[in-house]
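Notes follow once the structure below has been shown.
The values are calculated or read from the model by the stated rules, or taken from the named source; none is laboratory data. Quick caveat, the model's predicted, so the values are computed rather than measured. Cβ atoms come from the backbone with ideal geometry, glycine included; neighbour counts cover every protein chain shown. The area values use the complete protein model at the heavy-atom level, side chains included, leaving out ligands, DNA and RNA. Shrake-Rupley method; radii C 1.70, N 1.55, O 1.52, S 1.80 Å.
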Amino acid sequence: MAKTGVFDSDPTVMGKATELKRELQRLIDAIIDDDNCSTDTIDHAKEIISALKELKLRKRSRSSNRYENLICPDEFRCPLSRELMRDPVVVSTGETYDRPFIHKWLRSGNRTCPRTQQVLSHTNLTPNHLIREMISQWCTSRGIELQDRVRVHCLDDDVITEADRDRFLTLIENMSMTIPEQKAAAKELRMLTKRMPSFRALFGESLDAISLLLSPLCGDKSQSSVHADLQEDVITTLLNLSIHDNNKKLVAETPNVIPLLKEALRSGTMETRSNAAAALFTLSALDSNKALIGKSGALKPLIDLLDEGHPLSMKDAASAIFNLCILHENKARAVRDGAVRVLLKKIMNQMHVDELLAILAMLSSHQKAVEEIGELGAVPSLFRIIRESSCSRNKENCIVIIHAICLYDRTKWKDMKEEEKWYRTISELAQNGTSRAKRKASGILERLNRAVNMTHTA
């Protein structure tokens with residue numbers, strides 16, 4: 001049976017690569033920590049990088065020669081890597097990806113589906129057993145042995161040395177030292193928690209590590225007295241930590257975390273504010289955290305940040321609001337805090353229409369939101385989006401909102417009848433929309449026709 005890759009099939013080569021990477025890590029730590037390190041150390045690091053590159057090229061060469069004559073069906077290819085999937089998984093939008101590549105995408109802080117660009121309602125990855133079985137049968141029929149490479153992809157990310165642990169403890173201790181030491185430690189922690197996923201897990205091994213990380217922002221200090229660069233590095237480190245699934249509960253339930261994120265939404269650099277919103281989004285993947293964040297009053301500053309309309313922060317703020325409003329009680333909080341007006345204003349200005357329509361559609365299950373949407377005269381604008389947009393999801397979200405208005409507000413029926421008379425917008429969706437859009441459009445038509453029949457009968 002053919003093998004799929006040199007590192008998978010040759011333990012000697014795989015062991016050599018791991019050994020080289022560990023030595024390279026040791027040399028990099030020495031270079032970073034010692035300002036007077038010798039040029040020999042740097043040259044040795046270069047030699048190891050060259051050796052790793054040679055191993056990688058050799059792997060690619062053998063792999064490409066083995067399969068260059070095989071054409072893989074598109075449905076078996078990962079949309080991110082464009083390679084045959086080894087471990088197909090489904091994200092919340094229903095799209096399938098190869099686990100290592102979508103895991104890397106999410107670990108980098110992305111919170112959208114790469115193919116559809118929709119905001120993910122959660123970051124859980126569900127095995128796609130059907131596609132995996134189809135791939136397995138396809139490989140078997142061609143004499144290919146499909147190896148499980150998931151562990152190989154993640155192996156080196158999970159290696160933590162004693163030197164790493166010692167460095168971590170030193171940096172955490174330095175967060176309680178002088179301002180220059182705090183700044184240097186925060187900057188390095190930000191870099192390490194971004195570059196090394198395994199470094200994020202170290203915070204879960206120490207009960208007070210997160211509290212010590214936050215110490216420069218706590219106590220008697222007002223936010224105006226906190227150095228902006230220090231605040232940015234601490235908040236961004238919190239974001240990096242929150243990406244790690246095992247940290248989400250611990251981070252959110254650590255005293256001062258949510259209050260400081262909430263405060264950071266209002267003050268600091270725009271990157272600080274954006275990263276605070278992103279941290280709240282990743283933490284809100286857990287339902288218990290959704291409740292905790294909602295009760296804290298964080299929705300109001302998130303909505304205010306969205307209202308400001310800065311390109312750097314809008315998407316992060318919208319993603320956090322969307323995730324939080326999956327929890328029913330948070331919908332009421334968002335409506336009370338002015339979300340409907342802000343969402344409609346941005347949609348009318350054609351800013352992040354896809355994401356904001358999705359939030360508005362979610363809020364339309366709340367009666368006060370529907371009343372406000374109607375009062376703000378949104379129905380004609382929603383119909384215009386349906387007519388002009390080429391995005392089926394946007395059309396669906398618009399008709400969902402209009403359907404809710406149709407149920408709660410009879411005064412808008414006239415607008416709906418006029419739209420149907422002149423453009424047949426509702427009938428068009430009832431015939432050609434998504435399955436959900438068809439149901440909502442048909443429901444509107446049924447209600448409007450019933451009202452007409454009752455009028456004639458009377």
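Scan (1) of a type in the set (A, V, I, L, M, F, W, C); (2) surrounded by fewer than 21 Cβ atoms within 10 Å (Cβ to Cβ); (3) closer than 26 Å to N174 by Cβ for the single condition M270 breaks and write down its number. So M270 meets the others, but not (3). Taking K315, is it at pLDDT below 95, within 30 Å of D245 (Cα to Cα) and either open to solvent by 30 Å² or more (accessible area, probe 1.4 Å) or not in a helix (DSSP H, G or I) (or both)? Answer is yes for this residue. The number of residues in region 242-266 being in contact (Cβ under 8 Å) with a residue 40 or more places away in the chain, of a type outside the set (D, E, K, R), under 19 Å from G219 (Cβ atoms) and open to solvent by 30 Å² or more (accessible area, probe 1.4 Å) comes to 2.
For C398, are the conditions met, namely being under 24 Å from M351 (Cα atoms) and open to solvent by less than 50 Å² (accessible area, probe 1.4 Å)?
Considered against the rule, which asks whether it is under 24 Å from M351 (Cα atoms) and open to solvent by less than 50 Å² (accessible area, probe 1.4 Å), C398 comes out as yes.
Examine region 318-329 for a residue that is more than 18 Å from the chain's Cα centre (by Cα) and open to solvent by 10 Å² or more (accessible area, probe 1.4 Å), and state whether such a residue exists. Yes, region 318-329 has at least one match.
Taking the criterion of being modelled with pLDDT under 90, out of contact with any Ser or Thr (no Cβ under 7 Å at 6 or more places or on another chain) and surrounded by 20 or more Cβ atoms within 10 Å (Cβ to Cβ), the only residue of region 185-202 that qualifies is L202.
The conditions are (1) under 24 Å from the mean Cα position of the chain (by Cα); (2) hydroxyl-bearing (S, T, Y); (3) surrounded by fewer than 22 Cβ atoms within 10 Å (Cβ to Cβ), and S389 fails exactly one of them. Which is it? Looking at each condition in turn, S389 falls short on (1). How many of the residues in region 250-290 are farther than 20 Å from M196 by Cα and either hydrophobic (A, V, I, L, M, F, W, C) or assigned to a helix (DSSP H, G or I) (or both)? Adding up the residues that qualify gives 26. Here is a check on your reading of the model: is K290 open to solvent by less than 10 Å² (accessible area, probe 1.4 Å) and basic (K, R)? So K290 fits the description; yes.
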